């Protein structure tokens, strides 16, 4: 007698449900993969955008640094032109030439302060307007330098016939040192009263050489009251220089001296509070400020 055969009945809805299950799993897998690649693409885009922004920020910082350096160069050029103009005016005073009217220094020295060009604040500024302003300043400097060149050319032409005057003008400092008392009114270090100081007091080490600031003839070398030992040089054209409180005179009356020649040594003779040179410039007998004649 054989084993009876068992029959299994598959529910009618199982097959459709299995198919639907596989289809749902496939759709979920597809959507998952799609989301993964979409997120990956977006992440790559974010990184690319971040790199682009970083590069742009670096370019902006570099441009800001260039603008700051450019502004500093403009200020340096303007300052240098102003110094040249001042030097020109000093030469005109020394050589007794008419003042220049060409407006070679008709601009305000300064411009943008480098501290005002801080990159943190420049982001909010109008770069185009800033660049336009710099170009305007460059054009101004170019015109001023052209005028200054013409002015110096005029001076050189006029100075050719005034060589003797220039040689007789006390245009260099007689000693190196620091000015302890300027020309003009001051409080006397001896009486405490207000008095007019007719020269410059230049402090330095005792024994330092004193040089003649221009060609001339020694008209006095010896002691003279409160000035102690003193040297006087007549340069011609009404110009006379005096050197007081010297330690030792190296020239005598009647000696001819050339600009830069040593005439005495710094000392502390006469009424003096310490080693220094009392230096005077007199024009037609009137004391004038020696600083007006220094070119060095």
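The values are calculated or read from the model by the stated rules, or taken from the named source; none is laboratory data. Since this is a predicted model, take the numbers as computed values, not measurements. Counting neighbours? That spans all protein chains shown, and the Cβs are built from the backbone with ideal geometry, glycine included.
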Going by what's in this entry, would residue 54 be described as in a helix (DSSP H, G or I) and farther than 30 Å from residue 145 by Cα?
yes
Test: residue in the stretch 264-278 that is within 25 Å of residue 91 (Cα to Cα), at pLDDT below 95, outside any strand (DSSP E or B) and assigned by TED's automatic domain parsing to the domain that holds residue 205
no
Go through the stretch 203-230 and report how many residues are within 39 Å of the chain's Cα centre (by Cα) and outside any loop (DSSP other than H, G, I, E, B).
5
Residues of the stretch 185-204 that turn out to be surrounded by 11 or more Cβ atoms within 10 Å (Cβ to Cβ) and modelled with pLDDT of 85 or more, as a count
10
